[in-house]
Amino acid sequence: VAKERGGARVQCFDAALRTRLLERISIAHDLRDCESRGELRVQYQPLLTASGRRLVGAEALLRWEHPTRGLVSPGDFIPVAEETGLIVPIGTWVLDESLRQLRCWLDDLNDPDDQAGDQGDLSIAVNLSSLQLQSPGIVTLVEEMLHRHRIPPHLLVLELTESMVMNDAESSNGTLHQLRELGVALAIDDFGTGYSSLAYLRQLPINLLKIDRSFIEAMTDSERDRRVVAVICSLGHELGMETIAEGIETERQLEMLRGMRCDLVQGFHLGRPTTPEAIAKLLALRQR
Ligand code: C2E
Ligand code: MG
Ligand code: MG
Ligand code: MG
């Protein structure tokens, strides 16, 4: 009997696995030409200074408007895009679209007919997948795109994860240095969730540490987590980096982060991922 039940469980597990597999194959299939069908969108989430809540940038977050599935969130299709390699062309599209959009915002800001005149800069943060970082032409691609959209390189922030940078630190190091030489800024995303070797962190040409949302969430109830965040902020500053906290949902979290001298903040409390038009409105209202 036990054996039979065990067998049934295996079958049951197989069925669930099968469903998930078919689901992934179906997503993989639809993903193949989602770009040419015009189903990809980018939403932009505001990045603000912690001290004055000044809008200084936006993170580009990919969305897929599937004809039957509706809006598919990145958590559901980016893993599939990575497994199939489709993340490379999709990522190229995101970079192109985000830089094109940034150009529009900068043109609005610096409209020569506008009395206010030069309203300063805005940066764009784009998530990069490890396959993109490893793809041979990545440095040239970034350089050409910056040129095509006339974007000063320092306004582009490429977000990488700890595992990407640490796992193949040897091979990615060269590429990261080349990207830095272009003038592009580099951020470590979801910092604290992977495991960073301090030796590498010290060597790598990283400009920004982006503290993972899970720490920000835990910080409100736990003194220990609060200290962890404070230490990450100091660590970043000691290494000459700026710190960003992501996932801020309350004013209290914002106040705590200000106390820790965290530089930049991002989260639903400050602005959800939104349309380019909404960002343009925020920019128009921005104080000098
Ligand atoms: P991420 O880069 O860490 O982006 C931040 C995620 O946290 C976004 O989820 C954002 O909507 C969400 N978020 C921001 N503030 C809050 C908050 O206050 N509370 C909560 N609960 N969530 C918040 P999203 O847009 O679903 O993206 C998920 C992940 O997908 C991203 O995490 C990033 O790793 C990946 N991703 C998104 N766009 C791209 C892309 O163009 N290329 C690549 N390779 N990955 C991308
Ligand atoms: Mg990110
Ligand atoms: Mg993140
Ligand atoms: Mg995250």
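The values are calculated or read from the model by the stated rules, or taken from the named source; none is laboratory data. Please read all numbers here as calculations on a predicted model, not as lab measurements. No Cβ is skipped: glycine too gets one built from the backbone with ideal geometry, and neighbour counts run over all protein chains shown.
Side notes on the structure shown:
- Considering segment 151-191, and only residues there that are of a type in the set (Ser, Thr, Tyr) and within 16 Å of ligand 3 (Cβ to nearest atom), the residue that is surrounded by the most Cβ atoms within 10 Å (Cβ to Cβ) turns out to be 161.
- Residue among 93, 64 that alone is touching a Lys or Arg at 6+ places or on another chain (Cβ under 8 Å), away from ligand 2 (no atom under 16 Å from the Cβ) and aromatic (Phe, Trp, Tyr): 64
- Single condition residue 194 does not satisfy, out of (1) surrounded by 21 or more Cβ atoms within 10 Å (Cβ to Cβ); (2) touching a Ser or Thr at 6+ places or on another chain (Cβ under 6 Å): (1)
- Checking each residue in segment 182-194 for being in a loop (DSSP other than H, G, I, E, B) and within 16 Å of ligand 4 (Cβ to nearest atom) picks out 192, 193, 194.
- Selection from segment 240-257 of residues that are surrounded by fewer than 15 Cβ atoms within 10 Å (Cβ to Cβ) and closer than 25 Å to residue 198 by Cα: 240
- Test set (1) in contact (Cβ under 8 Å) with a residue 24 or more places away in the chain; (2) surrounded by fewer than 16 Cβ atoms within 10 Å (Cβ to Cβ); (3) within 16 Å of ligand 4 (Cβ to nearest atom) - residue 268 fails condition number: (1)
- Of the candidates 133, 158, the single residue that is out of contact with any Cys (no Cβ under 6 Å at 6 or more places or on another chain) and in contact (Cβ under 8 Å) with a residue 40 or more places away in the chain is 133.
- Qualifying residue in segment 135-154 (condition: in contact with a Ser or Thr (Cβ under 8 Å, 6 or more places away or on another chain), assigned to a helix (DSSP H, G or I) and closer than 21 Å to residue 266 by Cα): yes
- Members of segment 192-221 found to be at pLDDT 95 or above, within 14 Å of ligand 3 (Cβ to nearest atom) and among the small types (Gly, Ala, Ser), listed by number: 214
- The one condition in (1) within 14 Å of ligand 1 (Cβ to nearest atom); (2) crowded, with 18+ Cβ neighbours inside 10 Å that residue 217 fails to fulfil: (2)
- Scanning segment 226-285 for residues that are among the small types (Gly, Ala, Ser) and away from ligand 1 (no atom under 15 Å from the Cβ) returns 230, 234, 236, 240, 259, 280, 284.
- Residue satisfying all of: in segment 177-228; of a type in the set (A, V, I, L, M) and farther than 18 Å from residue 243 by Cβ; farthest from ligand 2 (Cβ to nearest atom) among these: 199
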